[in-house]
Every structure is written in structure tokens, then in C-alpha cells.
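Everything below concerns the one structure shown next.
Values quoted throughout were computed directly from the atomic coordinates according to the rules given, and no laboratory measurement underlies them. Not measured: the values here are computed from a predicted model. We place every Cβ from the backbone using ideal geometry, glycine too, and count neighbours over all the protein chains shown.
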Amino acid sequence: MKPITLALAGVLGFATPLAWAGNADLDAKFKELVDRSFKTTGIAQKERMIQLDFQKLCSALEAGEKVDPKKIEELRQAQEQTIRWPSDGKFLGNWKEGEKIAQSGRGLTWTDNPDTVNGGGCYNCHQMDQKELSYGNIGPSLSGYGKLRGNSEEVLKYAWRQIWNSKSFNLCSSMPRFGDAGILTEQQIKDVMGYLFDPESPVNKNHK
Amino acid sequence: MFKKQVLAVSLIAAVWNITSFGAFAANDEDARLKAIEAYRKQIADGNPSDLLAMEGEELWRTPYGPKNQSLERCDLGLGPGVVKGAAAKLPRYFPDTGKVEDLESRLMTCMEQLQGVERQKVIDSPWRKGEKLRMDKIVAYIVTESNGEKIEVDMSHPKMKEMYELGKRMFFYRTGPFDFSCATCHGKDGQRIRLQELPNITKQEGAAAGWGSWPAYRVSNSQFWTMQMRLNDCFRQQRTAEPIYGSDATIALSVYMAANGNGGVMLTPGIKR
Amino acid sequence: MQRREVLKAGVGLGVFGTLIASGLVQPRLAHAARQMENAFQAKSLEEALKAVGASGAAASNDIVLTAPDIAENGAVVPIELESKLPNTEMIALFVEKNPNALSAVFHFTPEALPRVKTRVKMGQSSDVVAVVKAGGKYYMTKKEVKVTLGGCGG
Amino acid sequence: MAAGPMRIRAKIDGETVNVRALMSHPMETGLRKDSSGNTIPAHYITEVTASVNGKTVLTAEWSGAISTNPYFEFDVKAKAGDKITLKWVDNKGESKEETIEVK
């Protein structure tokens, strides 16, 4: 698993003075609080606490701070540049492998090690195969994804881009950047796409 | 001969009028969530945390550490040795240390001052072993003594107000490879990871439900988790860096959650998945 | 306070324990062989039922088997067993898809009601089966319990 | 290591007494592996005996399938003043016994 490259889509958070409105003193205290409260353990480096520019902006937005919409659009466009299409032009992989990735929430924690195979944890937030009762609702249901949408080039690209970096559509999306942040490999994303689009996949076969 | 028996058993199975539990339509969400509610009620009575709380009470009274003293003079905010209802009013500002402390950091203060047990020794101990196991048992005893009490965190002191603001920032702080913050999961009503409902901690009801039900016994691994362990594992699954045990970031977050939950009821120790 | 006396009355290691500790008695010998030992060793439900002597058990509605429709976690599944059959001597509890189907056996004297509650581990969704021996005959009922993976699985 | 505590609560219910017990025990099946991959040896309660004033009224044979820190509830014919004793023995020969008086 190649080391996690902090996608430097923007200048590292600490550097940009994108402070929250009106309280520089509290900002300084907060930065100091984070610095003395976190540590490196295993593969989880302390540097994970340094925010990327859009992480900082979305944190302020979600906390109810006023944020300039032009800034949001500017950073969203920057995220669009991170999209990498499949190197061989093939979008769909093996849906059986995709199912395992969707079920597994492992990887990238400080109790994992570098050769832990990362999962996608899709079922944490999405319904996919209707027969699987244990699914989350933070994301929309993906049941019957391919069956309902077909697999035109346009639909494949839309789904690939959502998985690669959903922030390219909606800057503050809750969905992780599975491709851009190096969480899943290109092959793993192809397999998840297979799970979504393959007519044999239970995502489509069990869709009522 | 064996074949006939298998047939016999399956015949019997067919004849039974088993109250068939009805094929759950996968998308029949409410029926399923009600079934989970029923499950939780059935395991609510007889919380194995009681076993730890019994041992915790002994440890509270037993001399220990280089100074060979018990913890019976430890002041959790309601006066030396007062345990009844103390956990329901934590975290709070403590004049003697000039710091805002949660239950576990305050206990470390007492362990150090009364018993001579070094704070760092507790911090460095692995979870559920050594000093941390002693801490779990003492915490189980103390939070049992706040079961049913009103969550009543005193926000009047300026240090508490500041910790609340710092805690709020921590709660919304998106970082790490997954871009998650606490709010990603705990910032909206009705969200769920798999079948696990996620309380909305930005609102009183959700904050009271979340804050008021930890520490708890987790049936999935038969472990008793203190609030510090609960926060630690949340950060772990968020894929951030690890918070140091009892660090100010964890206390600030606790102030944010407890204050938001003020007025709720402590249902501790809880019993969880 | 009720809790404290209980602790005081407690007796630590039984006689067997101390003998073991002193190495005089081999753990193997001291293993209190359970009356139904071979039933506990049986793997499948059929084998376990046979070993308990209950393979010909008749279905009965006079056995109350209360278990959740869905267990949020297989580590702790609350089970309530009650026999309404007269002269109940024994109730046995099976989880069909566990590595060993037989989980527990309860033997009653007239001084105890034929009713118990406990909690079992279930490796996966499975039928839970209760067998009652009353008046020398065997009766049986079952219920399906679904076990789900609750948290983030990671 | 010495067995952990056992907690027993008894409540008079007409002619009988409802007994609810919690026992501190790992209940290892012998099928589990620890984080470094080696099997955790089987260690579970094999037998539980309940008696009233010294007379056995109920026995149970358990396996590793009974949940960790077992919960056990049963009802016995007894009255105020009677002594209810609960004893468990595990596959390592360890045992624990608790007696409470019915109030």
C-alpha cells in the first residue's frame, strides 16, 4: 500500500490564516491545545491533525461560521483537478471483491499496520445489497445502482468521480476521498464499481 | 439409520407452528429498529459493570501507592470523599489545580496527590491493564453512584466557558485522510452507522443521550469502557492521530458534550453493543 | 449496604482450586466432567440432540422460548426458557449454527421452577432450540435469531 | 488468578424467590485467537449449583457458549431467612461460592 500522500490540494491548514471570525486569541489557544493533546501512534502520524484548506473551511462552515461562497467554489474547483481516471480506461472490476471492500471498515487506524488491506466501509453509510440488513443512512441508498442508471460512459464517470473524490462535486461532502486520499487503490475502486454496476451483483439482483 | 433421524427432525420442524418471525422486508426499517430496541431492553437488567463497581468500591477504600493512602479523601467537586452524584457534575473547574478536569483526570490528580501514584504511570498503562484496570473499576463505582442524577455541569467559571468553545472547535475539526470530524456523524438528527444510531450531540437531547450513557459495558467485547476510552476509539475510527489519555482536547470535548446535555439524566454505567 | 456483605461472605478458591495450585491434582482430573459431556462435544444439532437422547422429541407449544428477533451483537443474546409441561426434569439449550450446538443444560428438582434466564454467544444468525425432558419424554421448540454486525466493522 | 466477584440479588415473589446472579468469568471457548494470532485456551464455567439451606435445588451444565461475565436468573421455593448459595466450577478446577440470606 503506497504511503498516504497528503493530497496537497491546498496549502496546509496551519499556514493559511483562515481563522474563524473574530477570535484570534482563541485560535491560538486551540492550535496549542491540539498540538499538546495528540501524538503519533503506529501509522497514524500526528501530522494528521494538520488541516487541508477545504477541511478548515468546511469545519468553520459546519460550526456555523460565515464563509465566503466564492471561496467554497474556488476550493471545489481545485478538488476537481485531483480526479484520476482509470489508467487502462476500464471502470468495472470484480464485484465479488468489491463486496468484500464494501463490507470491510479496516485500515488506516493506529491499530492497523502498513500492510493492513484498507476497506471502503461503504455499508457504514449506504444501503447497497437489500438483503444486507446492517447498513447506514448517512449516504443515500445505492440499491439497484447499475440496474436503475445503466452503465453509459457518463454514468460510469460520475460514479468513479464520486468515489475518487466526492469533494469535487460538493466541497464539504461527508464522503471520504477514497482515491485522492489513497484510501483505496485504483483496482479496489474498480471492484467497488463492479459491485455497483455488474448485473450479477446482489446490489442489482436483489433490488426490488 | 442416521438419514431417518434427520428426516424426523426436519419433519418436526415443518409441523411446528413456530411463531415465524416473518420474513423481514430488508427495507422494513422501523420494525428492525424496534427489534433492536427490544434486544437492548432485554439485556439492560444485570449489567456486568456492577461486578467492576463492586471491586472499584474496594479500591476506593484501600490504601495504595507509595504514600499507602486510600482515595477516601479525594475531592471530586462536592467535597473530600463525596461520591454520590459527583460524576453528574463533571467536568468542572477545580480551584486547587486551577484546571478544568473530567472524572478520569481528576482521579489521576487524587491518585498522585493522595497516593503518590505518578500521573504519567496511569497515562502510559495499556488499556484494561495495570493502572488503567484500577481506573476502570474506580470509575465504574463512581459513575454508578451518579446513576439517575441530573446532568448539571457548572458553566459559570470563565475557564469552563473557554473549554466549551475549544471543545466546540474540536467537535467540528475535520482532518486526516477521511476528512471526518465528530460532527460528520454526530452533527445531524437520525444518522446511523450500520445499525448504530448516532446521537446528535449538537442538541440537548442527543448530547444527554450520548454523554449520559457512557461509561458503559460493551457486550461485543465484554469490556467496560470509560469516557476516555470511548473518545479514544472514536478518534481512532475517524482516522485522526491518537489523543493522549486525559489530554485537554478530550476534556474540552467532554465539556462541550456535557454542557450541551445539561438537564439530561445520567444512565451510567450503560450497556452497549 | 447490601453489596458489601456479599463480598465479605465470598469464599475464594474452592478446595479443588488450591489442590490444583499446589500441583497435586492434574487439571484434567479435576475437570468436573459434565454429566452430558459427549453431548457438549457433539458438533451438529442432530448429533447433540441424539447425545442428549432427544432426537425423537415432539414439537410442543408448552415450552416458552423467548429470544430477540434481532441481536445487535452475537456475544450476548438473552434467552428465557420456561417449561409449562408437568414434572419437568431438564431443559437443554442449543444454538444450531454454533461450532458445538449444545450450549447449556439445566436440571431441576421440585424445589425449583422450570424457568431460567441466561445469555449465550451466537456465531451467526441461527435457530435457537430448546428441549425439555418431562415425565421421561422429550419435547422441543425453536426460534430464529438474526445476528447483525453493528458498528463500523473496522 | 483468584475468581472475580459474584453478585446475587434475591427477591421474594409469593411462594418462591427470584434470584438474579452475575458472575465474573472470561468464559473463553478455546476457539478464539488473540491479537498476535495464538489461540486463547478454553476457560469456562462447566457447572453451577444452586442450593437452599444447603440442599441442592438446581444444577446447570454450561459450555463456553454462555456469554462472558455470565448472567443467570432462576426461581426457587424459599422464604425470608433462608440461605441461598450459588457455586460455580470451571474447566480449570477454579470455583467460587456465594451465599445470601433472603430478606
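Under the rule of at least 5 residues apart or a separate chain, name every residue whose amide H is placed under 5 Å from the amide H of B:Lys272.
Those lying under 5 Å, H to H, from B:Lys272 are B:Tyr217, B:Arg218, B:Val219.
When the Karplus curve 6.51 cos²θ - 1.76 cosθ + 1.60 is applied with θ = phi - 60°, which whole-Hz ³J(HN,Hα) does each residue of region B:204-212 get, with x for Gly and Pro?
4, 4, x, 5, 5, 5, x, 5, x
Could you order the peptides C:95-108, B:152-165 from most to least packed, using the average number of other C-beta atoms within 10 Å per residue?
Highest-to-lowest ranking by the protection proxy: C:95-108, B:152-165.
Enumerate cysteines in chain A without a disulfide-compatible partner, where compatibility requires another Cys Cβ under 4.7 angstrom.
Cysteines of chain A left without a disulfide-compatible partner: A:Cys122, A:Cys125.
Give the list, by residue number, of cysteines in chain B with no other Cys Cβ closer than 4.7 Å, or say none.
Here B:Cys182, B:Cys185, B:Cys234 come out as lacking a disulfide-compatible partner, given the Cβ-Cβ threshold of under 4.7 Å.
Quick one: among A:Phe30, A:Phe197, A:Phe169, which has the greatest mean-square fluctuation in a GNM of chain A with alpha-carbon springs under 10 angstrom?
A:Phe30
What number in nm² do you get for chain A if you take the convex hull of its Cα atoms and divide its surface by four?
Numbers: hull surface 51.1 nm².
Computed as one quarter of the Cα hull surface, the answer is 12.8 nm².
Near the amide H of C:Ala134, under 5 Å away, which other amide H atoms are found, from residues 5 or more places off or on another chain, if H is placed in the peptide plane?
Sorted by chain and number, the residues that satisfy this are C:Glu89, C:Tyr139.
Give me a single rounded figure for D:92-103: the average over its residues of other chain Cβ atoms within 10 Å of their Cβ.
6
May I ask you to sort D:Lys103, A:Lys29, B:Lys272 by Cβ crowding, counting other Cβ atoms within 10 Å and putting the fewest first?
Fewest-to-most ranking of D:Lys103, A:Lys29, B:Lys272: D:Lys103, A:Lys29, B:Lys272.
Please check: in the Gaussian network model of chain D (C-alpha springs, under 10 Å), which one of D:Leu86, D:Leu58, D:Leu31 has the largest mean-square fluctuation.
D:Leu31
Put +1 on the Cβ of each Lys and Arg and -1 on the Cβ of each Asp and Glu in chain D; which of D:Trp88, D:Thr39, D:Gly14 then has its Cα farthest toward the positive end of the dipole?
Value: D:Gly14.
Does region A:24-80 come out rounded, prolate or oblate by the C-alpha gyration tensor, with a ≥ b ≥ c the root eigenvalues, rounded set by a/c under 1.5 and, if not, prolate when a/b is larger than b/c and oblate if not?
oblate
Please tell me which of these pairs span more than 32 angstrom C-alpha to C-alpha: B:Lys132/D:Lys92; B:Lys132/D:Lys79; B:Lys84/B:Lys272; A:Lys100/D:Lys92; B:Lys150/C:Lys84?
From the list (B:Lys132/D:Lys92; B:Lys132/D:Lys79; B:Lys84/B:Lys272; A:Lys100/D:Lys92; B:Lys150/C:Lys84), the Cα-Cα distance tops 32 Å for B:Lys132/D:Lys79; A:Lys100/D:Lys92; B:Lys150/C:Lys84.
Across peptide A:31-40, what mean number of C-beta atoms from other chains lies inside 10 Å of a residue's C-beta?
Mean shielding by partner chains, rounded to a whole number: 6.
Could you give the dipole magnitude of region A:24-80 about its Cα centre, charging the beta-carbon of Lys and Arg +1 and that of Asp and Glu -1, in debye to the nearest 20?
Computed about the Cα centre, the dipole is about 260 debye.
If you build a Gaussian network model of chain B, linking Cα atoms that sit under 10 Å apart, which residue out of B:Ala252, B:Ala31, B:Ala86 swings the most?
B:Ala31
In peptide B:34-44, how many Cβ atoms from other protein chains are near each Cβ within 10 Å, on average?
Neighbouring Cβ atoms belonging to other protein chains average 6 per residue here.
What ratio of Cα Rg to 2.2 N^0.38 Å holds for the protein assembly as shown?
Taking N as the residue count of the protein assembly as shown, the ratio is 1.04.
Let me know the charge dipole size of the protein assembly as shown about its Cα centre in debye, to the nearest 20, where only the beta-carbon of Lys, Arg (+1) and Asp, Glu (-1) is charged.
Roughly 560 debye for the protein assembly as shown.
Between helix B:158-171 and chain B, what is the angle of the helix's C-alpha long axis to the longest principal axis, kept within 0 to 90° and rounded to the nearest 10?
Orientation of helix B:158-171: about 40 degrees from the principal axis.
Which ³J(HN,Hα) values in Hz, rounded to whole numbers, follow from the phi angles of region D:27-38 under the Karplus curve 6.51 cos²θ - 1.76 cosθ + 1.60, where θ = phi - 60° and Gly and Pro get x?
Going residue by residue, I get 6, 7, 6, x, 9, 8, 10, 8, 4, 9, x, 8 Hz, with x marking Gly and Pro.
Would you kindly derive the ³J(HN,Hα) couplings of region B:234-246 from the backbone phi angles with the Karplus curve 6.51 cos²θ - 1.76 cosθ + 1.60 (θ = phi - 60°), listing them in order in whole Hz, with x for Gly and Pro?
With the stated coefficients, region B:234-246 comes to 5, 4, 4, 6, 6, 6, 8, 6, 7, x, 6, 4, x Hz.
Hey, can you list the DSSP H helices of chain A whose Cα span along the axis is 15 Å or longer and whose average Kyte-Doolittle score is at least -1.0? Don't skip to the answer; put the middle values down first.
Values: long enough: A:24-37 (20 Å, -0.64); A:69-80 (17 Å, -1.78); A:153-165 (18 Å, -0.86); A:186-197 (16 Å, -0.20).
Counting only whole DSSP H runs, the qualifying helices are A:24-37, A:153-165, A:186-197.
In nm, what is the difference between 0.36 nm times the number of residues separating A:Asp27 and A:Leu148 and their Cα-Cα distance?
38.8 nm
Find the percent of Cα-Cα distances in chain D that exceed 21 Å, and round it to a whole number. Mind showing how you got there, number by number?
Values: 1956 of 5253 pairs.
Every Cα pair in chain D considered, those over 21 Å come to 37 percent.
What is the Cα convex hull volume of chain B when expressed per residue in Å³?
180
Translational D (Stokes-Einstein, µm²/s) of region B:182-273 at 4 °C and 1.567 mPa s when Rh comes from the Kirkwood sum over C-alpha pairs? Please list the in-between numbers first.
Details: Rh = 13.5 Å.
Using the Kirkwood radius from Cα pairs, D works out to 96 µm²/s.
One quarter of the convex hull surface, Cα atoms only: what value does that give for region A:95-205 in nm²?
On the way: hull surface 27.8 nm².
Mean projected area of the Cα convex hull: 6.9 nm².
Amide H of B:Lys99 versus every other amide H placed in the peptide plane: which residues, excluding those fewer than 5 positions away on the same chain, fall under 5 Å?
Counting only residues 5 or more places away or on other chains, the set is B:Phe94.
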